[in-house]
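Notes follow once the structure below has been shown.
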Amino acid sequence: MLFLLLFELSIIFGFLLDLLFADPAKLPHPVVIIGKGITVLEKGLRKAFPKSPSGERAAGRLMAGIIVVVTYIVTMGLCLIAWMVHPVLFLLLHTLWCWQAIAVRGLAKEAKNVYSFLSPECDIEGARKAVSRIVGRDTQELTAEGVTKAAVETVAESFSDGVAVPFFYMMIGGAPLALTYKAINTMDSMVGYKNEQYINFGRGPAHLDDLAGLIPSRLAALMWIAAAGMMEHSARNAWRIWRRDNRNHPSPNSAQTESACAGALGVQLAGPAYYFGELYNKPTIGDKTRVIEPEDILRTNRMMYAASLIALLLTMAVSATLIIAAV
């Protein structure tokens, strides 16, 4: 029962630390270490495997396997060692990694920074620069409406990758499994592009990321719908648009929370966008019942906070049940 208590406390403490401090720049982060490992492995495996489509795909799959196995073994091993040394050391380590596995405050802070350039007076250049920190698309030509849409889409989509999915894996495997998911997601963000350089090498990591998020991203959408009702938005319309538009994205997971958010706000998101100078004609998500406005960024932040609280409570309840059942 001591383990259960410390396990639950570490999740709560990690969540609270994220709300208070986000990700301090000076604190070493596992994702940074993982990212360096991905870079080194990519360089070495590209040299070791044939420079052919099949060779690159094999190299990418091997890299994905190595990163996943090493991340889980190292983090789980250190947690076990900490527990054997002293339960308080385990609490401290597990709290730290729970904190670093989720990103609530940092995401909301970056989005609010975008809002500050749009309201009350519109500094479009500042807004474009601010939103470029959190989106992958080209931002140089975005209008104020385009910047607002980009910020709202990012908060909604990133709630899944940065909050709900890590909580899902934390629930069933603690911080080690949550950080292993973060490793998968980091690989996808680094090599999962469908361009000439990564179309083959990044295929395995990208598919692994899709698979890892398949179930929890849909749970994240349900959390967002519940949060919409809590924040006095239309949960019914969030549900309707989610059911209709949750596949309106090349990724099977990315439109899940984005569609729920569009329905809750009654706005239209997504649509054509430029990436690296090339236009991608992505389908729209939601109905344009009104024009999106800067205040929608703040509304989206509030729904994200509410959905994060739901994710925390569900994680605690289910993880406690699983541990008790195992005992």
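What the table shows:
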quantity	calculated
Amide H partners (placed H, <5 Å) of TYR280, local residues excluded	ALA273, TYR274, TYR275
Dipole axis of the stretch 59-200 (+1 Lys, Arg; -1 Asp, Glu on Cβ), positive-most option in ALA178, ALA108, LEU142	ALA178
Volume of the Cα convex hull of the stretch 1-127, divided per residue and given in Å³	164
Spatial extent of the chain: Rg and Dmax, with the Cα atoms as the point set, Å	20.0, 59
GluC sites (Glu not before Pro) lying in DSSP loop within the stretch 168-267, provided at most 15 other Cβ fall within 10 Å	GLU196, GLU232
Farthest toward positive dipole pole in the chain [+1 Lys/Arg, -1 Asp/Glu at C-beta], among HIS86, ILE225, ASN237	HIS86
Amide N proximity, the stretch 80-115 versus ARG133 label position 7 Å along Cα-to-Cβ, cut-off under 18 Å	103-115
In Hz, Karplus ³J(HN,Hα) per residue of the stretch 75-88 (6.51, -1.76, 1.60; θ = phi - 60°; x = Gly, Pro)	5, 5, x, 5, 5, 5, 4, 4, 5, 5, 5, 5, x, 5
³J(HN,Hα), Karplus 6.51/-1.76/1.60, whole Hz, each residue of the stretch 119-126, x for Gly, Pro	9, x, 10, 8, 9, 5, 5, x
Separation in nanometres of the label points that stand 7 Å from Cα toward Cβ, at LEU298 and ILE124	2.3
Rotationally averaged projected area of the stretch 214-278 (alpha carbon convex hull; nm²)	4.6
Nearby aspartates and glutamates by direct alpha-carbon distance to LYS129 (threshold 13 angstrom, same-chain neighbours under 8 apart not counted)	GLU110, ASP138, GLU141
Peptides ranked, highest mean first, by Cβ atoms within 10 Å: ranges 309-315, 172-178, 158-164, 223-229	158-164, 223-229, 172-178, 309-315
Rounded Å value of the spacing that divides the Cα centres of the stretch 114-142 and the stretch 233-284	20
The chain: calculated mean residue ellipticity at 222 nm from DSSP helix runs of at least 4, using -39500 (n - 2.57)	-24500 deg cm²/dmol
Alpha carbon convex hull of the stretch 245-293, projected area averaged over orientations, nm²	3.6
Debye, to nearest 20: dipole size of the chain, +1 on Lys, Arg Cβ, -1 on Asp, Glu Cβ	660
Over 26 Å between alpha carbons, listed pairs LYS47/LYS282; LYS26/LYS194; LYS36/LYS112; LYS51/LYS194; LYS43/LYS149	LYS47/LYS282; LYS26/LYS194; LYS36/LYS112; LYS43/LYS149
FRET E, pair MET1, LEU62, Förster distance 41 Å, beta-carbon r, rounded to 0.05	0.45
Charge tally in the Cβ shell below 15 Å around THR186, where Lys, Arg are +1 and Asp, Glu are -1, THR186 excluded	-4
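Here, each number is a calculation from the coordinates, and none is a lab measurement. Everything numeric here is computed off the predicted structure, so don't read it as measured data. Note that each Cβ is placed from the backbone with ideal geometry, even for glycine, and that neighbours are counted across all protein chains shown.
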